[in-house]
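This report refers to the structure that appears directly beneath it.
The values are calculated or read from the model by the stated rules, or taken from the named source; none is laboratory data. Everything quoted here is computed from the prediction, not taken from an experiment. A quick note on method: Cβ atoms are made from the backbone with ideal geometry, for glycine too, and the neighbour counts reach across all protein chains shown.
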Amino acid sequence: MKKLLIMCGTGIATSTIVTGKVKSWLEENNLQTKVKLFQSKISEELGRIDEYDIIVSTTLVPDNIKSKVIDGVPLLTGIGKEAMFEKIKEQILA
């Protein structure tokens, strides 16, 4: 089972919205049994990034972890969300 972290600046507002949308998408695509969701704020996760298989963030991340993070802003704006979900799906099935 893959560990998917959704994080934002405070771990409250935008990460809650994104978590709900990702959870619905996982269920619609029958992927919910392949992923365990986690939600947090970036400041608590920087030292534990390697513990997760997939990371979605709605906030800026340091350059040293950018390659490991999927931008979650499309789930807030609606622009590019299908491409973002495709990236998540690729990592789930990898």
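For region 37-53, name all the residues that are over 11 Å from the mean Cα position of the chain (by Cα) and not in a helix (DSSP H, G or I).
Passing the criteria: only Lys41.
When restricted to residues that are part of a helix (DSSP H, G or I), of a type outside the set (Ser, Thr, Tyr) and surrounded by fewer than 20 Cβ atoms within 10 Å (Cβ to Cβ), region 11-31 contains 8. Listed by first and then second residue, the pairs linking a residue in region 61-85 that is closer than 18 Å to Ala13 by Cα to a residue that is among the hydroxyl-bearing types (Ser, Thr, Tyr) and surrounded by 16 or more Cβ atoms within 10 Å (Cβ to Cβ), with Cβ atoms under 6 Å apart and 6 or more places separating them unless they lie on different chains, are Gly72/Ser57; Gly72/Thr58; Val73/Thr58.
Identify all residues within region 12-24 that are more than 12 Å from the chain's Cα centre (by Cα) and either within 20 Å of Lys66 (Cβ to Cβ) or modelled with pLDDT of 95 or more (or both); write none if there are none.
Ser24
Of all positions in region 82-90, none carries a residue that is touching a helix residue (DSSP H, G or I) at 6+ places or on another chain (Cβ under 8 Å) and either at pLDDT below 95 or of a type in the set (Lys, Arg) (or both).
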